[in-house]
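This report refers to the structure that appears directly beneath it.
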Amino acid sequence: TQLLEQSPQFLSIQEGENLTVYCNSSSVFSSLQWYRQEPGEGPVLLVTVVTGGEVKKLKRLTFQFGDARKDSSLHITAAQTGDTGLYLCAGDPGTASKLTFGTGTRLQVTL
Amino acid sequence: EPEVTQTPSHQVTQMGQEVILRCVPISNHLYFYWYRQILGQKVEFLVSFYNNEISEKSEIFDDQFSVERPDGSNFTLKIRSTKLEDSAMYFCASSARLGSEQYFGPGTRLTVT
């Protein structure tokens with residue numbers, strides 16, 4: 001069974017601070033997707049990383065896929081209150097047609 | 001921008017009743033999925049569907065569950081005899097091809113009383 005562990009589980013920071021969320025596994029994934037989920041809504045896709053070592057930037061968000069394709073990180077620069085939400089990583093093993101979701105990191109950004 | 005839609009947004013049913021959750025995937029997508037999320041827990045895979053048949057299913061997806069694509073646009077999940085533990089958010093997702101990004105709908109909150 002493939003597991004994805006995210007850390008930290010909860011993060012409360014002030015606006016303007018930087019943060020990093022980690023997504024780790026002992027399994028290799030062919031790709032890894034990051035989603036953001038608001039309460040009572042579906043996950044919204046932020047980015048997909050495919051190549052080991054790949055770095056993708058989405059405005060203030062930087063996503064990195066580990067060289068071995070077992071882990072990933074999400075770095076937010078100068079967090080804003082609008083970044084508040086649940087961040088989920090989800091891995092695609094490539095041989096199956098399902099995503100394995102991580103445990104989630106709940107981010108709260110306050111003024 | 002194309003999106004996955006789901007109906008109803010909230011379904012309340014009594015234990016033992018049948019429910020059908022409906023989804024309209026993104027129109028040019030070929031792969032369809034159902035996931036569920038019990039309150040406070042991880043999103044869990046239920047089933048994937050391609051070319052009018054199930055590609056893969058999880059242990060959760062037992063004989064009580066079935067999926068169907070009754071026409072060219074809808075994708076449904078049926079639970080034949082609901083149990084209290086079926087209470088969860090059910091998400092439909094679709095992707096253009098195997099291994100590509102999956103786009104999720106807003107979910108149906110199923111409450112079994």
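Scanning segment B:26-38 for residues that are over 12 Å from the mean Cα position of the chain (by Cα) and within 14 Å of chain A (Cβ to nearest Cβ), which turns out surrounded by the most Cβ atoms within 10 Å (Cβ to Cβ)?
The qualifying residue surrounded by the most Cβ atoms within 10 Å (Cβ to Cβ) is B:31.
Please find, within segment B:1-25, the residue that is farthest from the other protein chains (Cβ to nearest Cβ) out of those that are surrounded by 18 or more Cβ atoms within 10 Å (Cβ to Cβ) and of a type in the set (A, V, I, L, M, F, W, C).
B:19
Working only within segment B:78-104, note down all residues that are out of contact with any Leu (no Cβ under 7 Å at 6 or more places or on another chain) and more than 12 Å from every other protein chain (Cβ to nearest Cβ).
B:78, B:79, B:80, B:81, B:82, B:83, B:84, B:85
Which one of the conditions (1) at pLDDT 95 or above; (2) more than 22 Å from residue A:46 (Cβ to Cβ) does residue B:69 fail to meet, given that it meets all the rest?
Against the list (1) at pLDDT 95 or above; (2) more than 22 Å from residue A:46 (Cβ to Cβ), residue B:69 comes up short only on (1).
When you go through (1) away from chain B (no Cβ under 14 Å); (2) within 19 Å of residue B:101 (Cβ to Cβ); (3) surrounded by 18 or more Cβ atoms within 10 Å (Cβ to Cβ) one by one for residue A:11, which number turns out not to apply?
(2)
Kindly state which strands (runs of 3 or more DSSP E) lie completely within segment A:16-111 and contain at least 2 residues that are more than 25 Å from residue B:29 (Cβ to Cβ) and more than 10 Å from chain B (Cβ to nearest Cβ).
In segment A:16-111, the matching strands (runs of 3 or more DSSP E) lie at A:19-24, A:55-58, A:61-65, A:71-76, A:105-110.
Would you tally the residues in segment B:42-60 being within 11 Å of chain A (Cβ to nearest Cβ) and either free of Cβ contacts under 8 Å to residues at least 12 places away in the same chain or more than 22 Å from residue A:89 (Cβ to Cβ) (or both)?
So the count comes out to 8.
The values are calculated or read from the model by the stated rules, or taken from the named source; none is laboratory data. Values in this document were obtained by computation on a predicted structure and should not be read as measured data. Here the Cβ is made from the backbone with ideal geometry for all residues, glycine too, and neighbour counts use every protein chain on show.
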